[in-house]
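K.L.:
Shown below is the structure under consideration.
The values are calculated or read from the model by the stated rules, or taken from the named source; none is laboratory data. As the structure is a prediction and not an experimental result, all values here were calculated from the model. So basically every Cβ, Gly included, is an ideal-geometry build from the backbone, and we count neighbours across all protein chains shown. Surface accessibility is based on the protein's heavy atoms, side chains included, excluding ligands, DNA and RNA. Shrake-Rupley method; radii C 1.70, N 1.55, O 1.52, S 1.80 Å.
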Amino acid sequence: MMHIDKQISLIKQNTQEIIPEEELIRKIKRKGSLLVKFGVDPTTPDIHLGHSVILLKLRTFQDLGHKVVLLIGDFTARVGDPSGRIKTRKPLSVKEISLNAKTYREQAFKILDATKTIIDYNSRWLAKMSFSQVLKLTSRYTVARMLERDDFSLRYRNNISIGLHEFLYPLMQAYDSVALKADVEIGGTDQKFNLLLGRDIQRDYGQSSQVIITMPILEGLDGKEKMSKSLGNYIGVTEASSEVYGKIMSIPDELIFRYFRLVSVLSREEIDTLEKDFKEKKLHPKEAKKKLALEIVRFYHGEKEANYQDERFEKIFSQKGVPPEISSHFVNTDKIWVVELLRSSGLVSSGSEAKRLIQQGGVRWDGEKVKEVNSILSVKRTHTLQVGKRKFLEIIKK
RNA sequence: GGGGAGGUGCCAGAGUGGCCAAAUGGGGCGGGCUGUAAACCCGUUGGCAAUUGCCUACGAUGGUUCGAAUCCAUCCCUCCCCA
């Protein structure tokens with residue numbers, strides 16, 4: 001096992017808080033291998049780079065010889081985590097939950113070491129709890145303390161409803177730690193309250209309290225909001241390499257090094273060097289970003305694909321060309337109305353949208369801007385249809 | 001249990017019988033400038049058909065009216081005050 005100081009330094013990297021740090025050191029000294037809990041809500045079936053911040057940290061734990069429990073909150077999902085919410089979540093159906101859990105698991109293993117990961121489901125103990133057990137649990141906490149949470153108090157003050165069951169969520173999550181006898185629980189900074197509650201509840205149940213580690217919340221492509229699927233500002237770990245590369249290129253400059261630190265696997269030293277060059281203007285922002293895009297694509301899609309996307313990007317965007325490989329759409333007429341083609345090929349969702357785009361000069365046929373809404377295109381062999389800057393389609397005569 | 005306020009487009013929020021597919025802002029999309037960055041500027045943002053047309057839409061269902069997001073009834077949901 002790696003020396004303790006080295007371990008702690010690796011664990012500590014990029015974390016927001018470790019509470020309490022001394023206890024983490026003590027636990028490692030005493031037990032050697034710790035049980036690290038990470039609870040996931042199977043609400044979003046797609047893992048994105050925002051989630052990867054935590055998963056990468058878990059991976060570090062695994063590499064250091066610790067055990068990771070990926071706890072699927074299949075039972076808590078029926079309530080929905082109120083953390084940071086301004087509205088009550090709508091509950092998921094049992095079917096959705098199991099499907100999402102499956103996807104989550106598969107995707108998480110793009111980052112985690114499957115052989116060192118224990119998967120568990122909290123329905124295993126929560127579903128069986130009797131009402132008196134629930135009472136025992138709920139009596140450990142007060143309404144006033146629940147309302148200390150910003151999200152709850154905000155909702156309360158703004159006259160937005162808070163379901164009683166939402167108060168139960170943090171307690172359920174805390175109880176998970178009891179059931180698992182977790183040594184460490186990790187989560188985003190927005191989870192701090194829930195994680196801390198785990199410490200209290202474990203103590204109430206006669207266990208030693210878990211150490212909690214919070215990780216920063218990654219901003220999405222807009223650079224403002226946190227990365228989330230519902231906001232559409234995310235990069236999914238299973239997205240096509242071209243998408244991942246392109247999306248990285250569209251992040252605001254201010255985020256470049258935050259992304260390097262939180263979602264790439266480059267060493268701290270390498271990143272520091274890059275950042276130094278960047279600040280001294282020896283490294284152009286675009287080049288820094290390309291390096292980042294290359295790194296991320298390499299991690300999820302491999303070296304070869306990363307290099308390929310790197311070249312491809314230059315070709316299309318810097319030289320305004322057409323990507324070498326694009327999906328195809330077949331037509332079996334010689335002549336077709338642009339609007340019709342745009343719609344039938346699925347590039348746009350309605351005729352009105354197609355017309356709008358044409359009027360705004362956003363549609364190109366073989367590189368030429370389509371000027372008239374009424375244009376009839378003659379399809380000879382293979383043509384390129386482009387919408388906006390990023391959407392391409394190869395139109396082939398059947 | 002009693003009293004009051006309210007539910008509008010992706011979000012926020014106007015509108016309180018026809019001029020409303022619905023102001024304004026945000027977001028999104030397209031264009032320009034660029035480095036697929038930021039900032040800025042312009043345009044656009046229900047669908048179908050096309051130059052004055054039709055359909056769907058203002059919590060749900062019925063009703064009044066030539067005509068309703070706007071009035072009435074019932075229902076569902078949310079919030080506030082009192083108990």
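K.L.:
Per the 1.4 Å probe, what fraction of the accessible area of region A:241-318, in percent, lies on carbon and sulfur atoms?
P.N.:
Heavy-atom surface of region A:241-318 belonging to carbon and sulfur, 1.4 Å probe: 50 percent.
K.L.:
Is the shape of region A:288-398 rounded, prolate or oblate, going by the alpha carbon gyration tensor and its root eigenvalues a ≥ b ≥ c, with a/c under 1.5 for rounded and a/b larger than b/c for prolate?
P.N.:
Taking the square roots of the gyration eigenvalues as a ≥ b ≥ c, region A:288-398 is prolate.
K.L.:
A further question follows. Trypsin sites (Lys or Arg not before Pro), restricted to region A:105-197: which are DSSP loop and have at most 11 other Cβ atoms within 10 Å?
P.N.:
A:LYS128
K.L.:
Between A:ASP63 and A:GLU368, what is 0.36 nm times their sequence separation minus the Cα-Cα distance? Round to one decimal in nm.
P.N.:
The A:ASP63-A:GLU368 span can extend by a further 104.5 nm.
K.L.:
How much length is gained if the chain between A:TYR205 and A:GLU303 is pulled fully straight, taking 0.36 nm per residue apart and subtracting their Cα-Cα distance, in nm to one decimal?
P.N.:
Here the answer is 30.4 nm.
K.L.:
Once ligands and nucleic acids are excluded and a 1.4 Å probe is used, how much of A:VAL338 is accessible, expressed in Å² to the nearest 10?
P.N.:
Answer for A:VAL338: close to 0 Å² accessible.
K.L.:
For region A:4-215, state the average projected area of the convex hull of the C-alpha atoms over all orientations, rounded to one decimal in nm².
P.N.:
Quarter of the Cα hull surface area: 11.4 nm².
K.L.:
Sticking with the crude label model, points 7 Å out along Cα→Cβ, report the distance from A:SER352 to A:ILE271 in nm, one decimal please.
P.N.:
About 4.6 nm, to one decimal.
K.L.:
Right, another one. Between A:GLN13 and A:LYS286, what is the spin-label point distance in nm, taking each point 7 Å from the Cα along the Cα→C-beta axis?
P.N.:
3.1
K.L.:
What number comes out for accessible area per residue over chain A if the probe is 1.4 Å? Units Å², please.
P.N.:
With all protein chains present, chain A gives 50 Å² per residue.
K.L.:
For the pair A:SER230 and A:SER130, how long in nm is the line joining their label points, each one 7 Å along Cα→Cβ?
P.N.:
3.7
K.L.:
Please give the contour-minus-distance gain from A:ASN158 to A:LYS398: 0.36 nm per residue of separation, less the Cα-Cα distance, rounded to one decimal in nm.
P.N.:
Full extension of this stretch gives 80.4 nm more.
K.L.:
What aspartates and glutamates does A:LYS27 reach when the alpha-carbon gap must be under 12 Å and sequence neighbours fewer than 8 apart in one chain are set aside?
P.N.:
The qualifying aspartates and glutamates are A:ASP183.
K.L.:
Calculated from DSSP H runs of 4 or more alone, at -39500 (n - 2.57) each and per residue, what is the 222 nm mean residue ellipticity of chain A, nearest 500?
P.N.:
Value at 222 nm, helices only: -13000 deg cm²/dmol.
K.L.:
OK, next. A:LYS304: which aspartates and glutamates have alpha carbons under 14 Å from its alpha carbon, excluding same-chain residues fewer than 8 sequence positions away?
P.N.:
A:GLU295
K.L.:
Tell me, how many Å apart are the Cα centres for region A:1-79 and for region A:336-360?
P.N.:
For region A:1-79 versus region A:336-360, the Cα centre distance is 48 Å.
K.L.:
Considering just Cα atoms, how many Å³ per residue does the convex hull of chain A enclose?
P.N.:
So the per-residue Cα hull volume is 181 Å³.
K.L.:
Nearest 0.05, what FRET efficiency do A:SER139 and A:SER327 give at R0 = 41 Å with Cβ-Cβ as r?
P.N.:
Working from the Cβ atoms, E equals 0.10.
K.L.:
Can I ask one more? Determine the principal axes of the Cα atoms in region A:241-318, then give the extent along each, sorted from largest to smallest and rounded to whole angstroms.
P.N.:
Computed over region A:241-318, the largest-to-smallest principal extents equal 29, 25, 17 Å.
K.L.:
For region A:210-281, which GluC sites (Glu not before Pro) are both in a DSSP coil and crowded by at most 10 other Cβ atoms within 10 Å?
P.N.:
Sparse-neighbourhood loop GluC sites (Glu not before Pro): A:GLU280.
K.L.:
A follow-up question, please. Given the convex hull over the Cα atoms of region A:89-219, what projected area results after averaging over all orientations, in nm²?
P.N.:
The Cα convex hull of region A:89-219, projected and averaged over all directions, gives 9.7 nm².
K.L.:
Here are some pairs, A:LYS29/A:LYS67; A:LYS286/A:LYS315; A:LYS31/A:LYS192; A:LYS335/A:LYS397; A:LYS12/A:LYS116; A:LYS247/A:LYS281; which of them have Cα atoms lying more than 19 Å apart in this structure?
P.N.:
Checking Cα-Cα distances, A:LYS31/A:LYS192; A:LYS12/A:LYS116; A:LYS247/A:LYS281 exceed 19 Å.
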